[in-house]
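Single-structure report; data block below.
The values are calculated or read from the model by the stated rules, or taken from the named source; none is laboratory data. No experiment lies behind these values; they were computed from the predicted model shown. Methodologically, a virtual Cβ is constructed for each residue, glycine included, from the backbone with ideal geometry; neighbour enumeration extends over all protein chains shown. Protein only, heavy atoms only, side chains kept; ligands, DNA and RNA dropped before computing areas. Shrake-Rupley method; radii C 1.70, N 1.55, O 1.52, S 1.80 Å.
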Amino acid sequence: MAKQKKGHVAIPFLLAFLLGIVGIGGIAMYLYNQLGAKEDIRSIPSSVVKPTEADNMTLMFVLDEASDASPLTFMAVRVLPAEKKMILVAFPSNMLAIVDGRQDTLSSFYKTNGIQGAINAIQNEAGIYPDKYIILNSESFQKICNIFAGVNYQIPLGTQGFADSEEAQYLGPAQIEKLITNPFFKNGESERSAVVSDVISEMINQTDYDRIVASMDSNFRTLINMMNTDISSIDYSNEKSALKYMYTYGSRLCTFRLATGSTSDDGIFVLDSDFEESISEYFGKQASAVPAETAGE
């Protein structure tokens, strides 16, 4: 399983993915954002204290259903409150990484070394340095989806377990989880990771931000007891004002970047050698590579 960082973008897959779900669903609105859609819908009073670069953060999410039948889901989220932006990058669980001379997949590093193994793998391969981690099980993931009130989403045609439709359809928490943990996408993990970023981005973009702000404290108290995370109540207190600013004055906060690369004949995904540079606009100014605290098992 020798590593060759010469992988090319899987153009046929990307074109098929874009064409397969373009329409009123996620990608169409993603492209709309990228072409310069107006972001702010509310004027910001001069008395409001705006966030600064110090409020920027990178979060590492893992959805671990503790089931061999369901693939692990990995996603990095860059939060930029002052810019009123969130950038999502989901990574294929079969992504190749090298940590301390060992070559293995992202999922294998997580299974053998816990969240720290996954963080090290993503740091080494993508140049993303998470400030905090959040490990979700089925219950806590569905709780988050419930808080955001689900999503209207055009499921890629041919997705196993879902009826084909060229129209967007409402997905509740259980359906979202079923979609993003589907192990049977035609193009494997690279397609699944693209769908993960797309559907989560759309869920956040479609929600009622006023409702999110109004219930932020109670939702945090609920979720902190449902998740395995190194986020503390102090962390939340320190960042709450910045997050409220982002949700209050932002519009369609989320965009995403695809983890581009190629899959080898033996089913190993290799990130493109220029991937880190391609996301540097958003992930370029992060905290130094200080190892995250090891999560409790």
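Here are a few things to note about the model shown:
- Scanning the stretch 139-157 for residues that are buried (at least 22 other Cβ atoms within 10 Å of the Cβ) and outside any helix (DSSP H, G or I) yields 151, 153, 154, 155, 156.
- A search for C-beta distances below 8 Å between a residue of the stretch 184-199 that is more than 17 Å from residue 63 (Cα to Cα) and in contact (Cβ under 8 Å) with a residue 12 or more places away in the chain and any residue that is open to solvent by 10 Å² or more (accessible area, probe 1.4 Å) and small (Gly, Ala, Ser), counting only pairs 6+ apart in sequence or on different chains, returns 184/161; 186/158; 187/10; 187/16; 188/267.
- Count of the stretch 120-138 residues, restricted to those that are touching a strand residue (DSSP E or B) at 6+ places or on another chain (Cβ under 6 Å) and in a loop (DSSP other than H, G, I, E, B), is 3.
- Selection status of residue 36, at pLDDT below 85, of a type outside the set (A, V, I, L, M, F, W, C) and surrounded by 19 or more Cβ atoms within 10 Å (Cβ to Cβ): no
- Cβ-Cβ under 9 Å pairs, at least 6 apart or on other chains, the stretch 93-109 side in a helix (DSSP H, G or I), far side open to solvent by 60 Å² or more (accessible area, probe 1.4 Å) and among the charged types (D, E, K, R): 109/102
- Residues (of a type outside the set (S, T, N, Q) and farther than 30 Å from residue 284 by Cβ) located in the stretch 130-157: 139, 143, 145, 147, 149, 150, 153, 155, 156, 157
- Among residues of the stretch 208-262, those that are in contact with a Phe, Trp or Tyr (Cβ under 7 Å, 6 or more places away or on another chain) and without any contact (Cβ under 8 Å) to a residue 60 or more places away in the chain, counted: 5
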